[in-house]
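Before any comments, here is the structure.
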């Protein structure tokens, strides 16, 4: 399959040329050994450190322009780099370099009665596309993860970080090339035309998977428009269900952490379901309220504490990402499961209970990417899962679910070794 | 997420109601044990046998109408059932019932330093859609595979088999229901409106995966229009490369089988690459020609045998599915690999060689779902791979590749068992 080699400068043609060059580079990259890929990433990290001056100067221009343009303080903070943040970016690349190479793992092996030897072997996916917003660290983070798993990657960052991304990309690729990786294995889309995003999303067969990194607006647009498979989560509407047999102290502690440790992450609890037979509801809610959380509840919940506001029906489908929680009383496990089936975004849902049978039923019946017993939903994270690093959390049902790390950036092929067998 | 419960009779509303009912049925099905699912499928098979009279009568009407309507003899043959074929359908359902249940398998397990126990567990995908053409056996085959892996399925068969499919579906579901599986776990789309196919393809979030079963026109349309992930292969442009170090007898035998055993299957060889340093080209081509295969070649190939016709450039990208093969001489492994990278459809590609190093290079560098050494590409089949049965062969790069059996109809979730851990 040959990608378009047109010399036109439409966004489609530009993305097509990027993808064709990426495919060729990926075939080359796939031949490199594990130590070669690791060494090239270490060189990329070293090059990022060596280029600190240029990167910070580029970032200062981006930041100044964005500040003049009225970018919000939160977005400006995401955009800004300093020595410590740049060191963090280089350290993250080094950490990915030191992760075990997933490629080449033999997933299964068998010998057929006719003597054919079959093996299913992990291989890179191919050409990935990353579409992201203001954080320039994604340029290096995502590129490192893609390269570690043997993939080429086409990066499309936010317009406010264009100089920062270019400087980081230049430094990163300079190191990679010194390590024997083709430059085209990591590309920034060479146009600021917004239509280039649409061209990436439409490039089925040229780009194998798109990963959006950013806010809900970006993810929704990518999921809506993409013809290329997308690995992402749109919402993290995570539930914690406090069962009748929950330990009240544990329930209070875990529910508080699930919401309040960092209310703005995708694994934060957004809805709390409390069993009517659980005796400690008042304490759990008091702890949340006194810790600064706004609680919204149904009529029965409001009766527990006068500081609780009424929940609207839309509250059960809202990802607040703020210190706000919706609370509902439920009559037993089945009602909790039904609520979760109706309202969960399939990210992370948890139960607090000392009843092992109920815990297993909950694990079995909740159809989300991550299901937890007696733990804070804030653990929904690739690092916490021991995956080393994550490219994102996926709530789709195919390919990879939950925290996605290197393994999720691979696929497999079947290798068949024969001695001249023909099929009867 | 609640699917549309509108009472409208647009194709979208009809498919939405099917999908909502399928989702609820799937949640119920997912709670059944392995023996319960197996027993229900055995009841479905028994019910198919018990309903032979009704199914064959329905099929006779379909066949008569299609014959009057001028359906091609090949299509009519695919449509027609008799006692033996119906017995084959019931046997296939029984064989699937007896396959091991993939659901519940623990793919990996770990304990984190904080005591959290993580496991990644195989679960059903959810709601699948099967879109197929004239073969009514797909109604039972595909339903059995979907149910065995715990999925609900929405079936959309060809209009020429509408009565046959309805009769098979009725019998199958009667057996399933007697075995405790909800009827909505296997549904036929209850309208003949062609727009229902489009509604299925657009039902992202309601249907989790679509599998087209049929000719290239159907697959192309599904791949083109679907918003739901598709598991399929469009083309089987399979290559065999005879390396310089190939045994001439093995090369002749394997190449002949790869093309001529059944030229019309997707794993049939369509292009033969012969190394210029291989001494036995004349014998290999003579065997193909004398076995009834039309050979098309480049100028150097035509010089080998006067019965060889010239190949056009389009021949290298053509899936003949007939006793025709395109043949090219190549100067070494790299040229063979380059040709395959440019022209393979990513289905199955094979090398014939006695050089173990070259064989490993070929296995490593060819980026197809199935790569073979010293074996006929006609082995590309779930049964031959020991998978028991296959729902199809996939050439996409995500989720599942090559022959897809029960495991490809599953995904996984993460289960986290804690003792009250909160994230610092």
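State the antiparallel share, in %, of DSSP beta bridges confined to chain B, rounding to the nearest 5.
Counting only bridges with both partners in chain B, antiparallel ones make up about 30 percent.
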Handout entry: In degrees, nearest ten, helix B:137-148 long axis to first principal axis of chain B (Cα)
Key = 70 degrees
Handout entry: Pseudo-label separations to other copies for residue B:334 - Cα-to-Cβ vector, 7 Å, nm
Key = 7.0
Fill in the blank from the handout: With only helices counted (DSSP H, runs n ≥ 4, each -39500 (n - 2.57)), the per-residue ellipticity at 222 nm for chain A, to the nearest 500, works out to -12500 deg cm²/dmol
Fill in the blank from the handout: Percent relative contact order for chain A, counting Cα pairs under 8 Å at least six residues apart, stands at 17 percent
Practice task
On a C-alpha basis, how far is the centre of segment B:339-376 from the centre of segment A:333-383 in Å? Whole number, if you could?
Solution key: 45 Å
Problem - segment A:23-116: relative contact order as a whole-number percent, Cα under 8 Å and 6+ apart - result: 41 percent
Practice task
Rounded to the nearest Å, what's the spacing between the alpha carbon centres of segment B:226-281 and segment B:81-133? Just the number, please.
Solution key: 31 Å
Practice task
Mind telling me which of A:214, A:205, A:386 comes out most flexible in a GNM of chain A, alpha-carbon contacts under 10 Å?
Solution key: A:386
Exercise for the section: May I ask you to derive the FRET efficiency for residue A:13 and residue B:225 from their Cβ-Cβ distance with R0 = 30 Å, giving the value to the nearest 0.05? Expected result: 0.80
Handout entry: Cα gyration tensor, segment A:238-384 - rounded (a/c under 1.5), prolate or oblate
Key = rounded
Fill in the blank from the handout: With chain B reduced to its Cα atoms and the Debye formula applied, log10 I(q)/I(0) at q = 0.10 1/Å amounts to -0.78
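Per residue, what volume in Å³ does the convex hull of the Cα atoms of segment A:109-232 enclose?
130 Å³
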Fill in the blank from the handout: If the chain between residue B:183 and residue B:322 were fully extended at 0.36 nm per residue, the gain over the current Cα-Cα distance would be 45.9 nm
Problem - Candidates B:261, B:328, B:163: whichever shows maximal mean-square fluctuation once chain B is modelled as a Gaussian network with Cα springs under 10 Å - result: B:261
Practice task
Starting from the Cα of residue B:312, step 7 Å along the direction of its Cβ; do the same at residue B:294; then give the gap between the two resulting points in nm.
Solution key: 1.2 nm
Problem - Projected-area average for segment B:261-325 over all orientations - Cα convex hull basis, square nanometres - result: 4.3 nm²
Problem - Residue of chain B whose Cβ sits closest to the axis mapping B onto A, with distance in whole Å - result: B:399, 2
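How long are the semi-axes of the equivalent ellipsoid of segment B:1-117, taking √(5λ) for every eigenvalue λ of the Cα gyration tensor, in whole Å from largest down?
Numbers: eigenvalues 300, 118, 40 Å².
Taking √(5λ) for each Cα gyration eigenvalue gives 39, 24, 14 Å.
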Problem - Theoretical FRET efficiency, 1/(1+(r/R0)^6), r = Cβ-Cβ of residue B:33 and residue A:249, R0 45 Å, to 0.05 - result: 0.80
Problem - Label point 7 Å beyond Cα along the C-beta direction, distances from residue B:82 to other copies (nm, shortest first) - result: 8.4
Exercise for the section: Can you list the distances in nanometres, one decimal and ascending, from the residue B:192 label point to the identical position in each other copy, with the point 7 Å along Cα to Cβ? Expected result: 5.9
Handout entry: Rounded D (µm²/s) - segment B:224-285, Kirkwood Rh over Cα pairs, Stokes-Einstein at 25 °C, 0.890 mPa s
Key = 185 µm²/s
Exercise for the section: Could you check the simple spin-label distance between residue B:216 and residue A:204, using points 7 Å along Cα→Cβ, in nm with one decimal? Expected result: 1.7 nm
Practice task
Calculate how steeply helix A:216-225 sits against the longest principal axis of the alpha-carbon atoms of chain A, using the helix alpha-carbon long axis, and give the answer as 0 to 90 degrees to the nearest 10.
Solution key: 60 degrees
Practice task
May I ask you to derive the FRET efficiency for residue A:195 and residue B:335 from their Cβ-Cβ distance with R0 = 45 Å, giving the value to the nearest 0.05?
Solution key: 0.75
Fill in the blank from the handout: For the protein assembly as shown (alpha-carbon point model, no solvent) the Debye-based log₁₀ I(q)/I(0) at q = 0.05, 0.09 Å⁻¹ works out to -0.30, -0.97
Completion exercise
Taking a crude spin-label model, label points 7 Å out from Cα along the C-beta direction, the residue B:54 to residue B:112 distance in nm is 5.4 nm
Problem - Acute angle (nearest 10 degrees) that the helix A:52-68 long axis makes with the longest principal axis of chain A, alpha-carbon atoms - result: 60 degrees
Exercise for the section: Report relative contact order for segment A:218-314 in percent, whole number only (criteria: Cα-Cα under 8 Å, sequence separation at least 6). Expected result: 23 percent
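Any read-out appearing in this document is the output of simple, stated calculations on the displayed coordinates, not a laboratory observation. Keep in mind the model is a prediction, meaning the values are calculated, not measured. A quick note on method: Cβ atoms are made from the backbone with ideal geometry, for glycine too, and the neighbour counts reach across all protein chains shown.
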